[in-house]
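Structure, as C-alpha coordinates:
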(Lines give C-alpha, C1' and ligand atoms only; values in the text may rest on other atoms or scores of the structure.)
Protein backbone atom coordinates (compact mmCIF):
# COMPACT_ATOMS: atom_id res chain seq x y z
CA UNK A 1 0.00 0.00 0.00
CA UNK A 2 1.22 3.48 -0.87
CA UNK A 3 0.25 5.93 1.84
CA UNK A 4 -0.21 9.53 0.70
CA UNK A 5 0.76 12.07 3.34
CA UNK A 6 3.22 14.75 4.35
CA UNK A 7 5.44 12.19 6.02
CA UNK A 8 4.62 8.53 5.62
CA UNK A 9 7.01 7.65 8.45
CA UNK A 10 5.53 10.00 11.03
CA UNK A 11 2.08 8.65 11.83
CA UNK A 12 1.84 10.67 15.04
CA UNK A 13 1.14 13.83 13.04
CA UNK A 14 -1.63 12.36 10.91
CA UNK A 15 -5.01 13.44 12.26
CA UNK A 16 -7.08 11.67 9.60
CA UNK A 17 -5.79 8.30 8.42
CA UNK A 18 -7.11 5.79 5.92
CA UNK A 19 -5.23 2.51 5.82
CA UNK A 20 -5.69 -0.37 3.38
CA UNK A 21 -8.98 1.12 2.29
CA UNK A 22 -11.10 -0.79 -0.23
CA UNK A 23 -14.58 -0.36 -1.62
CA UNK A 24 -15.95 -3.19 -3.74
CA UNK A 25 -19.44 -3.52 -5.16
CA UNK A 26 -20.46 -7.11 -5.85
CA UNK A 27 -23.05 -8.01 -8.44
CA UNK A 28 -24.38 -11.34 -9.62
CA UNK A 29 -21.84 -11.75 -12.41
CA UNK A 30 -18.91 -9.60 -11.36
CA UNK A 31 -17.47 -7.29 -8.77
CA UNK A 32 -16.43 -3.71 -9.29
CA UNK A 33 -13.57 -2.38 -7.17
CA UNK A 34 -13.63 1.41 -6.83
CA UNK A 35 -10.26 1.13 -5.10
CA UNK A 36 -8.22 -1.37 -3.13
CA UNK A 37 -5.51 -0.93 -0.51
CA UNK A 38 -5.71 2.88 -0.55
CA UNK A 39 -3.87 4.92 2.07
CA UNK A 40 -4.18 8.57 3.03
CA UNK A 41 -2.90 10.81 5.82
CA UNK A 42 -4.07 14.35 6.55
CA UNK A 43 -2.47 16.46 9.23
CA UNK A 44 -4.46 18.48 11.74
CA UNK A 45 -5.20 21.90 10.29
CA UNK A 46 -4.39 20.88 6.72
CA UNK A 47 -6.60 21.54 3.70
CA UNK A 48 -6.39 18.83 1.05
CA UNK A 49 -8.07 18.72 -2.37
CA UNK A 50 -8.94 15.45 -4.10
CA UNK A 51 -9.34 15.71 -7.87
CA UNK A 52 -9.93 13.20 -10.66
CA UNK A 53 -12.23 12.24 -13.49
CA UNK A 54 -15.93 11.67 -12.98
CA UNK A 55 -16.50 8.14 -11.77
CA UNK A 56 -13.02 7.80 -10.27
CA UNK A 57 -14.47 7.30 -6.79
CA UNK A 58 -13.84 10.70 -5.23
CA UNK A 59 -17.26 10.98 -3.61
CA UNK A 60 -17.10 7.36 -2.49
CA UNK A 61 -13.78 8.06 -0.78
CA UNK A 62 -15.17 11.15 0.92
CA UNK A 63 -18.16 9.18 2.21
CA UNK A 64 -15.83 6.56 3.67
CA UNK A 65 -13.63 9.21 5.30
CA UNK A 66 -16.73 10.76 6.88
CA UNK A 67 -18.28 7.53 8.10
CA UNK A 68 -21.30 7.88 5.81
CA UNK A 69 -20.47 4.50 4.30
CA UNK A 70 -18.49 1.46 5.44
CA UNK A 71 -15.47 0.22 3.47
CA UNK A 72 -15.14 -3.32 2.18
CA UNK A 73 -11.76 -3.48 3.92
CA UNK A 74 -9.34 -1.21 5.74
CA UNK A 75 -9.65 1.42 8.42
CA UNK A 76 -10.46 5.11 8.81
CA UNK A 77 -9.25 6.84 11.95
CA UNK A 78 -9.94 10.43 12.98
CA UNK A 79 -7.86 11.41 15.97
CA UNK A 80 -8.00 8.24 18.04
CA UNK A 81 -11.46 7.15 16.90
CA UNK A 82 -11.66 4.15 14.56
CA UNK A 83 -14.74 4.73 12.42
CA UNK A 84 -14.72 1.25 10.91
CA UNK A 85 -14.56 -0.67 14.17
CA UNK A 86 -17.12 1.53 15.92
CA UNK A 87 -20.70 0.38 16.45
CA UNK A 88 -23.29 2.18 14.34
CA UNK A 89 -24.69 4.18 17.25
CA UNK A 90 -21.24 5.32 18.35
CA UNK A 91 -20.24 6.19 14.79
CA UNK A 92 -23.40 8.24 14.29
CA UNK A 93 -22.80 10.16 17.51
CA UNK A 94 -19.14 10.77 16.66
CA UNK A 95 -19.86 11.79 13.06
CA UNK A 96 -22.55 14.25 14.06
CA UNK A 97 -20.27 15.86 16.61
CA UNK A 98 -16.90 15.84 14.88
CA UNK A 99 -17.54 16.01 11.13
CA UNK A 100 -19.20 18.69 9.03
CA UNK A 101 -20.40 17.91 5.50
CA UNK A 102 -21.00 20.22 2.54
CA UNK A 103 -22.27 18.88 -0.78
CA UNK A 104 -22.72 20.25 -4.29
CA UNK A 105 -26.44 20.53 -3.63
CA UNK A 106 -27.12 22.23 -0.33
CA UNK A 107 -29.92 19.89 0.90
CA UNK A 108 -31.48 22.64 3.01
CA UNK A 109 -34.93 22.01 4.45
CA UNK A 110 -37.21 24.22 2.29
CA UNK A 111 -39.90 24.78 4.91
CA UNK A 112 -37.47 26.27 7.44
CA UNK A 113 -35.65 29.60 7.49
CA UNK A 114 -31.89 29.94 7.07
CA UNK A 115 -31.59 30.39 10.83
CA UNK A 116 -33.67 27.30 11.55
CA UNK A 117 -31.66 25.22 9.06
CA UNK A 118 -28.43 26.12 10.85
CA UNK A 119 -30.01 25.45 14.23
CA UNK A 120 -31.22 21.99 13.24
CA UNK A 121 -28.01 19.97 13.95
CA UNK A 122 -27.74 21.64 17.34
CA UNK A 123 -31.33 20.90 18.30
CA UNK A 124 -30.96 17.29 17.16
CA UNK A 125 -27.81 17.09 19.26
CA UNK A 126 -29.70 18.15 22.37
CA UNK A 127 -28.60 21.78 22.56
CA UNK A 128 -31.19 24.12 24.08
CA UNK A 129 -33.13 26.33 21.69
CA UNK A 130 -31.75 29.63 22.98
CA UNK A 131 -28.15 28.44 22.78
CA UNK A 132 -28.75 26.91 19.35
CA UNK A 133 -30.25 30.14 18.08
CA UNK A 134 -27.31 32.17 19.35
CA UNK A 135 -24.78 29.85 17.71
CA UNK A 136 -26.73 29.87 14.44
CA UNK A 137 -26.93 33.67 14.43
CA UNK A 138 -23.16 33.90 14.98
CA UNK A 139 -22.49 31.52 12.09
CA UNK A 140 -24.81 33.35 9.72
CA UNK A 141 -22.98 36.52 10.66
CA UNK A 142 -19.68 34.75 9.90
CA UNK A 143 -20.84 33.75 6.40
CA UNK A 144 -22.33 37.19 5.71
CA UNK A 145 -25.99 36.23 5.86
CA UNK A 146 -27.21 37.69 9.14
CA UNK A 147 -29.72 39.97 7.31
CA UNK A 148 -31.16 36.92 5.52
CA UNK A 149 -31.65 34.76 8.60
CA UNK A 150 -35.46 34.75 8.37
CA UNK A 151 -35.54 33.86 4.67
CA UNK A 152 -36.34 30.35 3.48
CA UNK A 153 -34.02 28.59 0.98
CA UNK A 154 -36.35 29.35 -1.94
CA UNK A 155 -35.89 33.05 -1.24
CA UNK A 156 -32.09 32.83 -1.38
CA UNK A 157 -29.70 32.70 -4.33
CA UNK A 158 -27.63 29.60 -5.02
CA UNK A 159 -24.56 31.16 -3.43
CA UNK A 160 -26.53 32.20 -0.38
CA UNK A 161 -27.95 28.70 0.00
CA UNK A 162 -24.45 27.25 -0.09
CA UNK A 163 -23.36 29.75 2.56
CA UNK A 164 -26.20 28.55 4.77
CA UNK A 165 -25.07 24.96 4.13
CA UNK A 166 -21.55 25.89 5.22
CA UNK A 167 -22.87 27.51 8.38
CA UNK A 168 -24.98 24.41 9.10
CA UNK A 169 -21.94 22.16 8.60
CA UNK A 170 -20.09 24.13 11.27
CA UNK A 171 -22.99 24.34 13.71
CA UNK A 172 -21.56 21.79 16.16
CA UNK A 173 -17.97 23.06 15.87
CA UNK A 174 -16.64 19.98 14.03
CA UNK A 175 -12.97 19.13 13.80
CA UNK A 176 -13.16 17.88 10.21
CA UNK A 177 -14.87 19.50 7.21
CA UNK A 178 -15.61 17.30 4.19
CA UNK A 179 -16.83 19.10 1.08
CA UNK A 180 -17.99 17.36 -2.11
CA UNK A 181 -17.93 19.76 -5.09
CA UNK A 182 -18.92 22.74 -2.89
CA UNK A 183 -18.72 25.18 -5.84
CA UNK A 184 -19.86 22.76 -8.56
CA UNK A 185 -23.43 24.08 -8.79
CA UNK A 186 -22.46 27.76 -8.82
CA UNK A 187 -21.44 30.24 -11.50
CA UNK A 188 -17.78 31.24 -11.65
CA UNK A 189 -18.05 34.47 -9.65
CA UNK A 190 -20.25 32.98 -6.93
CA UNK A 191 -18.02 29.91 -6.82
CA UNK A 192 -15.00 32.09 -6.17
CA UNK A 193 -16.84 33.83 -3.34
CA UNK A 194 -17.76 30.49 -1.74
CA UNK A 195 -14.18 29.29 -2.28
CA UNK A 196 -12.84 32.30 -0.39
CA UNK A 197 -15.39 31.71 2.35
CA UNK A 198 -14.34 28.07 2.75
CA UNK A 199 -10.75 29.18 3.27
CA UNK A 200 -11.82 31.84 5.75
CA UNK A 201 -13.89 29.35 7.74
CA UNK A 202 -11.12 26.76 7.61
CA UNK A 203 -8.80 29.22 9.34
CA UNK A 204 -11.35 30.88 11.62
CA UNK A 205 -12.77 27.60 12.93
CA UNK A 206 -9.44 25.76 13.11
CA UNK A 207 -10.60 23.00 10.79
CA UNK A 208 -8.98 20.09 9.05
CA UNK A 209 -10.54 20.00 5.59
CA UNK A 210 -10.78 17.59 2.66
CA UNK A 211 -12.40 18.89 -0.52
CA UNK A 212 -13.45 16.92 -3.60
CA UNK A 213 -13.53 19.29 -6.56
CA UNK A 214 -13.29 19.70 -10.32
CA UNK A 215 -12.50 23.38 -9.73
CA UNK A 216 -8.80 23.71 -10.47
CA UNK A 217 -8.64 27.16 -8.89
CA UNK A 218 -10.08 25.85 -5.66
CA UNK A 219 -7.74 22.84 -5.69
CA UNK A 220 -4.70 25.02 -6.31
CA UNK A 221 -5.38 27.07 -3.18
CA UNK A 222 -5.23 24.00 -0.92
CA UNK A 223 -2.15 22.80 0.95
CA UNK A 224 -2.00 19.64 -1.16
CA UNK A 225 -3.70 18.27 -4.26
CA UNK A 226 -4.24 14.51 -4.59
CA UNK A 227 -5.32 12.91 -7.87
CA UNK A 228 -7.48 9.79 -7.68
CA UNK A 229 -7.06 7.62 -10.75
CA UNK A 230 -7.46 3.88 -11.32
CA UNK A 231 -8.03 3.36 -7.61
CA UNK A 232 -4.79 5.11 -6.60
CA UNK A 233 -3.98 8.47 -5.07
CA UNK A 234 -0.98 10.44 -6.24
CA UNK A 235 0.16 13.86 -5.11
CA UNK A 236 0.22 16.39 -7.94
CA UNK A 237 1.67 19.33 -6.05
CA UNK A 238 4.06 19.36 -3.10
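The values are calculated or read from the model by the stated rules, or taken from the named source; none is laboratory data. Everything numeric in this text was worked out from a predicted model, so none of it was measured. Here the Cβ is made from the backbone with ideal geometry for all residues, glycine too, and neighbour counts use every protein chain on show.
Residues of segment 199-216 that are more than 17 Å from residue 58 (Cβ to Cβ) and free of Cβ contacts under 8 Å to residues at least 60 places away in the same chain: 200, 201, 203, 205. Entry remark, segment 213-228: residues being assigned to a loop (DSSP other than H, G, I, E, B), at pLDDT 90 or above, crowded, with 19+ Cβ neighbours inside 10 Å and over 15 Å from the mean Cα position of the chain (by Cα) number 0 in total.
Only one of the numbered conditions (1) farther than 17 Å from residue 16 by Cα; (2) within 16 Å of the chain's Cα centre (by Cα); (3) crowded, with 16+ Cβ neighbours inside 10 Å; (4) at pLDDT 90 or above is violated by residue 194, and that is (4). Every residue in segment 83-97 that is more than 17 Å from residue 139 (Cβ to Cβ) and surrounded by 15 or more Cβ atoms within 10 Å (Cβ to Cβ), please. If the condition is that a residue be more than 17 Å from residue 139 (Cβ to Cβ) and surrounded by 15 or more Cβ atoms within 10 Å (Cβ to Cβ), then 83, 84, 86, 91, 94, 95 are the ones that fit.
One residue stands out in segment 182-212 among those that are in contact with a strand residue (DSSP E or B) (Cβ under 6 Å, 6 or more places away or on another chain) and in a loop (DSSP other than H, G, I, E, B): the one that is nearest to residue 39 (Cα to Cα), namely 207.
So that you can scan it fast, the table gives a plain yes or no per residue for (1) surrounded by fewer than 22 Cβ atoms within 10 Å (Cβ to Cβ); (2) part of a strand (DSSP E or B); (3) modelled with pLDDT of 90 or more:
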position	(1), (2), (3)
21	no, yes, yes
32	yes, yes, no
42	no, yes, yes
45	yes, no, yes
50	no, yes, yes
59	yes, no, yes
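Scanning segment 130-172 for residues that are modelled with pLDDT of 95 or more, in a loop (DSSP other than H, G, I, E, B) and surrounded by fewer than 15 Cβ atoms within 10 Å (Cβ to Cβ) yields one hit, 150.
For residue 115, the conditions (1) in contact with a strand residue (DSSP E or B) (Cβ under 8 Å, 6 or more places away or on another chain); (2) buried (at least 18 other Cβ atoms within 10 Å of the Cβ) all hold with the exception of (1).
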